[in-house]
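The values are calculated or read from the model by the stated rules, or taken from the named source; none is laboratory data. On a predicted model such as this, the values are computed, not experimentally measured, just so you know. All Cβ positions, even for glycine, are placed from backbone atoms using ideal geometry, and neighbour counts span all protein chains on display. Side chains are part of the model used for accessible areas, which takes the heavy atoms of the whole protein and leaves out ligands, DNA and RNA. Shrake-Rupley method; radii C 1.70, N 1.55, O 1.52, S 1.80 Å.
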Amino acid sequence: MDDDVASCRTLQLHLQTQGHQVGIAHSVDEGLIQVLHKAPELVILDIRMPGKSGLEGLPEFRQALPTTRIIMITAFHDMESTIEAMQKGADDYIHKPIDIDELEASIDKLNSDNNDDLVNTEKSIQPGGHPLTMVGRSRAMKEVFKTIGLVAKSPATVLITGASGTGKELVARAIHRASASPDGPLVAVNCAALVETLLESEMFGHEKGAFTGAVSRQEGKFALARGGTIFLDEVGELSPSMQAKLLRVLQYKEFTPLGAKQPQTTNARVITATNLDLSEQVQRGNFREDLFYRLQVINIHLPPLRERKEDLMDLIQTLLARINKELRRNVSHITKEVLDCLQAYHWPGNVRELENLLMKCVALSPGDKLTRDLLPDYICRQAELNPPLPQASGKPLERWSLEEMEKAHIQRVLDANNWHKGRACEILGISRPRLRRMINQFELRSPNGTPMEEDELREGSRA
Ligand SMILES: Nc1ncnc2c1ncn2[C@@H]1O[C@H](COP(=O)(O)OP(=O)(O)OP(=O)(O)O)[C@@H](O)[C@H]1O
Ligand SMILES: [Mg+2]
């Protein structure tokens with residue numbers, strides 16, 4: 001179901017060649033009438049439609065077709081609509097423009113697993129950009145958003161892993177916001193920040209006089225987090241004795257404040273994060289194996305930014321908007337040269353490093369532009385190893401749209417690698433189907449004029 005008649009038709013033709021019977025509808029209401037008659041095995045539902053949106057219609061489809069697979073199509077690369085779709089009962093989602101390979105992979109996946117009804121559908125989160133929204137269009141981030149949508153409502157323990165600055169805390173906050181008790185407290189504890197006795201008192205609380213300096217009774221974070229979420233950051237740093245105590249909380253929902261005789265209970269949902277490889281810590285004997293398994297009932301992994309450079313444009317836009325608001329500035333133009341540098345850089349500090357860099361640039365920029373001279377040299381070193389982009393249309397670079405940038409950059413990477421697509425994908429940080437789609441979309445041509453190899457031409461014409 002899509003309001004775009006042409007794209008519906010293309011999809012229909014494609015799916016028919018795969019042996020499916022395909023009906024088309026251009027609005028939610030029209031679609032509902034059709035599915036009641038036809039009881040399809042699969043519904044592909046666009047989010048953005050005139051009248052009722054796909055998200056609004058989703059619960060009605062779910063109700064009418066409890067066991068039918070529903071794949072949502074979204075034009076947004078943000079987390080909110082994805083989480084909402086998954087919570088309202090979608091089985092999967094794909095991005096627009098539709099990549100046939102991605103759609104087929106999604107259909108295959110739905111056919112091969114039967115774990116229906118993972119999703120609770122009562123309450124949806126507010127649509128619209130939250131200041132803590134996460135963005136990203138890479139496959140990896142897509143999986144992250146999907147998992148958040150699927151697990152947020154359950155009380156299961158979640159372990160978030162990833163290098164420093166990849167967005168672990170943001171994921172924890174997103175899970176809390178999408179959880180069954182988003183209005184409950186979200187209490188964060190940094191397990192690496194305090195020495196053991198202070199940490200114990202911080203987590204579990206203490207009675208008056210429990211230790212020197214304990215002049216009054218104090219509630220611990222596990223008590224404060226009742227009815228909400230407790231986020232234990234840097235959990236890999238816990239000492240053996242704190243690991244034992246945490247295990248007890250997870251097993252029995254029970255903890256004892258320092259100096260107290262009676263244990264207390266907690267119903268807080270536990271989310272933990274670490275930038276260490278916990279399984280390696282287990283092997284080295286630094287981390288209890290039983291605790292490790294308890295913590296990682298669900299594991300959400302955030303890959304480093306250099307492995308998902310296709311998220312870079314979304315991140316730059318989102319972070320710039322945030323920074324402009326915070327600094328009350330309006331720096332909204334980036335020169336081509338700056339983008340080249342940012343694309344080529346390897347980002348050891350991940351998204352946080354990008355954020356700090358943009359913050360510094362915005363603060364130092366005299367006008368509304370981010371120019372090369374604002375960047376420290378080390379950021380540009382990698383880009384300088386490659387020749388600069390020919391200045392095509394003669395238009396000043398600061399008037400280029402992001403799309404023009406993207407097109408020019410992809411052309412350049414392809415040319416620099418003799419149109420070796422595997423290598424280009426690696427450098428660009430995108431999948432082959434995506435590269436193929438972009439080559440089609442931007443009508444890119446190799447120097448000798450051949451647009452694509454045979455097999456790719458055939459695939460390209462299908463999409
Ligand atoms: N996908 C994303 N979309 C938007 N902003 C992001 C994204 N990922 C990270 N950020 C931003 O980058 C910064 C770092 O993220 P966060 O603090 O969650 O990372 P972290 O993994 O907890 O880092 P550390 O290991 O250093 O504690 C934050 O300001 C966060 O808002
Ligand atoms: Mg953090």
Count of residues meeting criterion [under 19 Å from GLY205 (Cβ atoms) and within 16 Å of ligand 1 (Cβ to nearest atom)] in the range 259-277 | 0
If you take the residues of the range 338-386 that are open to solvent by less than 70 Å² (accessible area, probe 1.4 Å) and among the polar types (S, T, N, Q), which of them is nearest to the chain's Cα centre (by Cα)?
-> ASN350
Just one of GLY149, GLY165 is modelled with pLDDT of 90 or more and over 25 Å from ILE71 (Cα atoms); which is it?
-> GLY165
How many of the residues making up the range 259-274 are open to solvent by less than 60 Å² (accessible area, probe 1.4 Å), under 28 Å from the mean Cα position of the chain (by Cα) and among the polar types (S, T, N, Q)?
-> 2
GLY167 passes all but one of the listed conditions (1) more than 16 Å from ligand 1 (Cβ to nearest atom); (2) under 19 Å from the mean Cα position of the chain (by Cα); the exception is number (1)
Options LEU250, LEU238; residue that is open to solvent by less than 20 Å² (accessible area, probe 1.4 Å), over 26 Å from the mean Cα position of the chain (by Cα) and within 30 Å of ARG308 (Cβ to Cβ) | LEU238
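Yes/no per residue for (1) farther than 25 Å from GLU426 by Cβ; (2) within 16 Å of ligand 1 (Cβ to nearest atom):
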{"site": "VAL282", "(1), (2)": "yes, no"}
{"site": "GLY285", "(1), (2)": "yes, no"}
{"site": "TYR293", "(1), (2)": "yes, no"}
{"site": "PRO304", "(1), (2)": "no, yes"}
{"site": "MET313", "(1), (2)": "no, yes"}
{"site": "GLN317", "(1), (2)": "no, yes"}
{"site": "LEU320", "(1), (2)": "yes, yes"}
{"site": "THR335", "(1), (2)": "yes, no"}
{"site": "ASP340", "(1), (2)": "no, no"}
Restricting attention to the range 310-325, which residues are within 13 Å of the chain's Cα centre (by Cα) and open to solvent by less than 20 Å² (accessible area, probe 1.4 Å)?
-> ASP311, LEU312, ASP314, LEU315
Residue match in the range 315-333 (condition: part of a loop (DSSP other than H, G, I, E, B) and either among the β-branched types (Val, Ile, Thr) or within 26 Å of GLU237 (Cα to Cα) (or both)) | yes
Quick one: which of THR256, THR212, THR197 is β-branched (Val, Ile, Thr), over 19 Å from THR157 (Cβ atoms), more than 16 Å from ligand 1 (Cβ to nearest atom) and open to solvent by less than 80 Å² (accessible area, probe 1.4 Å)?
-> THR256
Here the residues within the range 143-163 that are open to solvent by 10 Å² or more (accessible area, probe 1.4 Å), touching a helix residue (DSSP H, G or I) at 6+ places or on another chain (Cβ under 7 Å) and near ligand 1 (Cβ under 10 Å from one of its atoms) are ALA163
Here the qualifying pairs (Cβ atoms under 8 Å; residues six or more apart or on different chains; first in the range 139-150 and touching a residue at least 40 places away in the same chain (Cβ under 8 Å); second part of a helix (DSSP H, G or I) and among the hydroxyl-bearing types (Ser, Thr, Tyr)) come out as LYS142/THR82; PHE145/THR82; LYS146/THR82; GLY149/THR82
Listed residues GLU80, GLU56, GLU60, GLU30; which is modelled with pLDDT under 85 and farther than 18 Å from LEU103 by Cα?
-> GLU80
Determine the pairs where a residue that is outside the structural domain of THR272 (by TED's automatic domain parsing), located within the range 221-235, has a partner that is part of a loop (DSSP other than H, G, I, E, B) and open to solvent by 10 Å² or more (accessible area, probe 1.4 Å) with Cβ atoms under 9 Å apart, the partner being 6 or more residues away or on another chain.
-> none
Qualifying positions in the range 139-163 - within 16 Å of ligand 2 (Cβ to nearest atom) and touching a Leu at 6+ places or on another chain (Cβ under 6 Å) | LEU159, GLY162
Which listed residue is hydroxyl-bearing (Ser, Thr, Tyr), within 16 Å of ligand 2 (Cβ to nearest atom) and either open to solvent by 50 Å² or more (accessible area, probe 1.4 Å) or within 30 Å of GLU307 (Cα to Cα) (or both), from THR166, THR229 = THR166
ASP277 acidic (Asp, Glu), under 24 Å from the mean Cα position of the chain (by Cα), away from ligand 2 (no atom under 16 Å from the Cβ) and in the same structural domain as GLY213 (by TED's automatic domain parsing) = yes
Those residues of the range 342-362 which are of a type in the set (Gly, Ala, Ser) and either within 16 Å of ligand 1 (Cβ to nearest atom) or not in a helix (DSSP H, G or I) (or both), in sequence order = GLY349
Only one of GLN21, GLN16 is surrounded by fewer than 17 Cβ atoms within 10 Å (Cβ to Cβ) and either assigned to a helix (DSSP H, G or I) or touching a Cys at 6+ places or on another chain (Cβ under 9 Å) (or both); which?
-> GLN16
Is it true that ALA192 is on the phi < 0 side of the Ramachandran plot and either of a type in the set (Phe, Trp, Tyr) or surrounded by 18 or more Cβ atoms within 10 Å (Cβ to Cβ) (or both)?
-> no
Could you tell me whether ARG423 is open to solvent by 80 Å² or more (accessible area, probe 1.4 Å) and modelled with pLDDT of 85 or more?
-> yes
